[in-house]
1. Run down ARG260, ARG254, ARG305, ARG309 and say which single residue is charged (D, E, K, R) and in contact with a strand residue (DSSP E or B) (Cβ under 8 Å, 6 or more places away or on another chain).
2. Do we have VAL233 as under 11 Å from the mean Cα position of the chain (by Cα) and touching a residue at least 40 places away in the same chain (Cβ under 8 Å) here?
3. Looking at LEU259, LEU266, which is the one that is of a type outside the set (Gly, Ala, Ser), in contact with a Phe, Trp or Tyr (Cβ under 9 Å, 6 or more places away or on another chain) and either free of Cβ contacts under 8 Å to residues at least 40 places away in the same chain or farther than 22 Å from PRO88 by Cα (or both)?
4. What is the one condition in (1) assigned by TED's automatic domain parsing to the domain that holds ILE245; (2) free of Cβ contacts under 8 Å to residues at least 60 places away in the same chain that ALA336 does not satisfy?
5. Within region 131-140, can one find any residue that is over 30 Å from ASP154 (Cβ atoms) and either surrounded by 22 or more Cβ atoms within 10 Å (Cβ to Cβ) or of a type in the set (Val, Ile, Thr) (or both)?
6. Which residues, counting only those in region 266-288, are among the hydrophobic types (A, V, I, L, M, F, W, C) and in contact with a strand residue (DSSP E or B) (Cβ under 6 Å, 6 or more places away or on another chain)?
7. Contact list please: Cβ distance under 6 Å, first residue in region 371-388 and over 14 Å from PHE270 (Cβ atoms) and not assigned by TED's automatic domain parsing to the domain that holds LEU314, second residue surrounded by 13 or more Cβ atoms within 10 Å (Cβ to Cβ) and aliphatic (A, V, I, L, M), pairs at least six apart or on different chains.
8. For region 243-361, which fully contained helices (runs of 4 or more DSSP H) count at least 3 residues that are more than 19 Å from the chain's Cα centre (by Cα)?
Amino acid sequence: MATYQPKPEDKFTFGLWTVGNRGRDPFGCEIREAKTPAEIVYMLGEVGAYGVNFHDNDLIPIDATSGETEAIKGEFRKALKDTGLVVPMATTNLFYDPIFKDGAFTSNDPKVRAYALQKTMKAIDLGVEFGTGIFVLWGGREGTETDASKNPVDAIKRNREAINFLCDYALEKKYDLKFALEAKPNEPRGDIYNPTTGHMLAFIATLDHPEMVGVNPEVAHEHMAGINFMHSVAQAWEAGKLFHIDLNDQYPGRYDQDLRFGSRDLKAAFFLVKFLEDVGYAGSRHFDAHAYRTEDYDGVKDFARGCIRTYLMLKDKAKQWNADKEIQSLVSEINADDGAMNLFLGKYSAAKAAALKAQPFDRAAIASRGLKYERLDQLTIDLLLGSR
């Protein structure tokens with residue numbers, strides 16, 4: 001009987017803001033007491049996490065004194081040493097403080113844009129101090145409620161200028177660091193720029209150092225827009241840009257719910273896990289989710305263990321799917337290729353184009369073939385529900 005216990009090589013991580021979430025929502029106050037960053041690290045050690053990630057102000061309050069800062073870092077560093085947890089990713093909070101009410105890098109106010117760069121450089125320094133190699137940028141306020149307020153072309157240029165500046169800063173400091181851009185369609189702004197992973201990939205191609213910049217796609221953010229998340233992840237992977245990933249769950253068309261991984265759309269979660277494992281994704285599996293507001297901290301541990309357990313169970317199911325003789329027979333049949341079209345497909349040549357234009361095709365015969373996708377999908381459901 002599988003126990004589904006995590007191992008360091010699984011690279012399961014949580015943010016300080018995830019298990020440290022106190023249950024506040026727009027209609028109610030916090031229901032769990034605050035935990036220090038060090039206390040959260042010890043809690044993650046209990047549930048078997050590999051690492052912990054943080055925004056700058058998750059670790060160090062925005063107005064902390066130098067003495068307070070050093071004390072917090074000392075406690076945090078000790079907790080990391082005691083538990084063996086690492087810090088694979090860090091980020092900065094450019095959305096909470098009132099100064100960012102109209103954006104950070106895309107703000108109309110140059111003082112805000114300059115402060116955002118200053119804050120991000122300091123956050124990069126903090127992350128590197130604790131060993132991170134990935135720095136995520138989520139532009140939570142980079143958008144509008146009314147298009148009368150901001151020129152979108154100016155916003156694109158300002159955002160590009162900021163990312164270029166930060167890449168040059170990391171290079172000048174000789175940091176071994178990559179940036180991962182995180183997309184979201186809306187919330188907290190009415191509309192957020194670069195709302196999907198595809199938008200981010202197109203934007204990255206325009207940067208001065210595109211080799212330093214990839215994406216951090218999140219399940220909930222793509223599902224909010226009704227997009228197939230695994231397809232976005234596959235596009236990022238194929239482009240060599242899947243630098244990090246945020247795992248959670250989400251009902252389409254709703255506010256950003258950050259549900260426990262696999263708790264809403266189990267089949268989508270299965271194909272996501274299967275994709276990551278099949279291609280050999282070697283980065284962190286970061287759970288950017290939080291427990292229900294109904295829970296105390298024992299319930300938060302249940303939530304964290306549940307994220308890990310579900311991923312490991314789906315990883316096991318993916319191995320079963322790949323080894324299932326009937327499923328693989330169908331997959332082989334569906335993808336059968338007798339080589340007859342090799343003359344026409346692949347890289348273009350004039351001779352190939354001429355031969356293809358002259359080739360007759362029996363459209364009716366080709367179209368009449370049943371593809372057996374219904375059977376394949378039901379076999380997948382049978383496997384997921386334990387009937388195979």
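The values are calculated or read from the model by the stated rules, or taken from the named source; none is laboratory data. Since the model is a prediction, treat every value here as computed from it, not as a measurement. FYI the Cβ positions are ideal-geometry reconstructions off the backbone, even for glycines, and counts take in every protein chain you see.
1. Numbers: ARG254 fails: in contact with a strand residue (DSSP E or B) (Cβ under 8 Å, 6 or more places away or on another chain); ARG305 fails: in contact with a strand residue (DSSP E or B) (Cβ under 8 Å, 6 or more places away or on another chain); ARG309 fails: in contact with a strand residue (DSSP E or B) (Cβ under 8 Å, 6 or more places away or on another chain).
Answer to the check: ARG260.
2. On the way: under 11 Å from the mean Cα position of the chain (by Cα): yes; touching a residue at least 40 places away in the same chain (Cβ under 8 Å): yes.
It is true that VAL233 is under 11 Å from the mean Cα position of the chain (by Cα) and touching a residue at least 40 places away in the same chain (Cβ under 8 Å).
3. Answer to the check: LEU259.
4. Looking at each condition in turn, ALA336 falls short on (1).
5. Just the residues of region 131-140 that are over 30 Å from ASP154 (Cβ atoms), to begin with: 131-133.
Now drop any that are not either surrounded by 22 or more Cβ atoms within 10 Å (Cβ to Cβ) or of a type in the set (Val, Ile, Thr) (or both), which leaves 132.
There is at least one residue in region 131-140 that is over 30 Å from ASP154 (Cβ atoms) and either surrounded by 22 or more Cβ atoms within 10 Å (Cβ to Cβ) or of a type in the set (Val, Ile, Thr) (or both).
6. From region 266-288, those among the hydrophobic types (A, V, I, L, M, F, W, C) are 266, 268-273, 275-276, 279, 282, 287; that's our starting set.
Listed by number, the list holds a single entry, PHE287.
7. As it stands, the answer is LYS372/LEU330, since those pairs meet every condition given.
8. Values: elements: 266-279, 297-323, 325-334, 350-358.
Correct list: 297-323, 325-334, 350-358.
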